[in-house]
Every structure is written in C-alpha cells, then in structure tokens.
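Take a look at the structure set out below.
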C-alpha cells in the first residue's frame, strides 16, 4: 500500500505509519506466515509489523544467463517487428498498440506485433489477432526472450493513470538492448 505514496508527491514526506492505509497494511503484514518482497526496503517495512516470520527479497529483473543463452528467433523475412511483454490489464494500453499496427498494415507497411503475456484483458484483445498480430500467452522465459530478440522494437504501452513508475519489463527491454 505504501506504493501509493510514491506517486502522490506530498505523501512522500509523511512517515508511512501516519498514512491512512498504514493500519490496514500492518494488519496484512501481521497475518503473513512469511514475507517475500521485491526490495530490501519493502521487506524492512513489512518486518516492522511482523518481525518474527521468515522473509526474503526476490529482485525482479532480467535473467542474464537465460537471456544470453536464448537465440534470436529467425523470422526469415524483412518485416519490422514490434513486441510487448507483460500483463494485459488496465495499466497498459495494448489495445491502442493493436489498432496502430492495424492502421500501419492498412497503409501497406510491412509490420508485425508479437504480444507475450496474459491478464484480464487477453480475451478482449484477441479480437485483434491476425497473421500480423500474434498472441503467445504465457510462454517460458527463454522462448519469450528468443522471440523478443528476433523483433526490432519494444513496446511499453503504459497508461497515463497507471500507478507504475518504472515497469519491470523495462529491465528485460534494456537487457535486450
């Protein structure tokens, strides 16, 4: 819950225990049998409310050995390929990307879109599936990186109202160069 304070500037200055949702967060942390966090900061915060349970930090980011081992998929033609990796939900405007690719195709451009991931919007977005807009769903990391390496342009279609600041997919995108 403290992540909300990171997107509202004046809340950054308020100690987390004084925020209106701190008691609910503390209650959730106290109910946990174990804690897993994406940073030491988050783990320390949860441990304030529940210090006697095991905790582990699991950093989110690119898996360089698997990334390096994944060969670039050979598509055997000269299309310009876009790809999107990640969740298909309210935080990402993949629908506009699909519509944009359809407009490019209508204009005679030789393009293709590869969408890897899933989420609550997957079924709705599949209406755009065609020979040049491909949905993979959830696939193994090495396969996902292979497809991405065979593409030309990464898409990060984050919505303006999204609570995310720097999305996890960017670590994979940057690792792909």
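Worth pointing out:
- Residue within the range 146-160 that is farther than 24 Å from residue 79 by Cβ, in a loop (DSSP other than H, G, I, E, B) and out of contact with any strand residue (DSSP E or B) (no Cβ under 8 Å at 6 or more places or on another chain) present: yes
- Among the residues making up the range 44-61, those that are in contact (Cβ under 8 Å) with a residue 12 or more places away in the chain and over 12 Å from residue 26 (Cβ atoms) are 53, 54, 55, 56, 57, 58, 59, 60, 61.
- Hits in the range 99-127 (condition: in contact with a strand residue (DSSP E or B) (Cβ under 6 Å, 6 or more places away or on another chain), assigned to a helix (DSSP H, G or I) and in contact (Cβ under 8 Å) with a residue 12 or more places away in the chain): 101
- Meets criteria (assigned to a loop (DSSP other than H, G, I, E, B) and either surrounded by fewer than 11 Cβ atoms within 10 Å (Cβ to Cβ) or at pLDDT 85 or above (or both)) for residue 33: yes
- Among (1) surrounded by 12 or more Cβ atoms within 10 Å (Cβ to Cβ); (2) assigned to a strand (DSSP E or B) - the single one residue 56 does not satisfy: (1)
- Test: residue in the range 152-172 that is surrounded by 16 or more Cβ atoms within 10 Å (Cβ to Cβ), over 26 Å from residue 62 (Cα atoms), touching a residue at least 12 places away in the same chain (Cβ under 8 Å) and outside the structural domain of residue 38 (by TED's automatic domain parsing): no
- All positions within the range 98-132 that are more than 24 Å from residue 171 (Cα to Cα) and surrounded by 15 or more Cβ atoms within 10 Å (Cβ to Cβ): 100, 101, 102, 104, 105, 111, 125, 128, 132
- Here residue 87 clears all of (1) under 27 Å from residue 37 (Cβ atoms); (2) in a loop (DSSP other than H, G, I, E, B); (3) at pLDDT 90 or above except the condition numbered (3).
- Residue ID - surrounded by the most Cβ atoms within 10 Å (Cβ to Cβ), chosen from residues in the range 36-45 that are in a helix (DSSP H, G or I) and at pLDDT 90 or above: 43
The values are calculated or read from the model by the stated rules, or taken from the named source; none is laboratory data. Everything quoted here is computed from the prediction, not taken from an experiment. With ideal geometry, Cβ positions are generated from the backbone for all residues, glycine too; neighbour counts draw on all protein chains shown.
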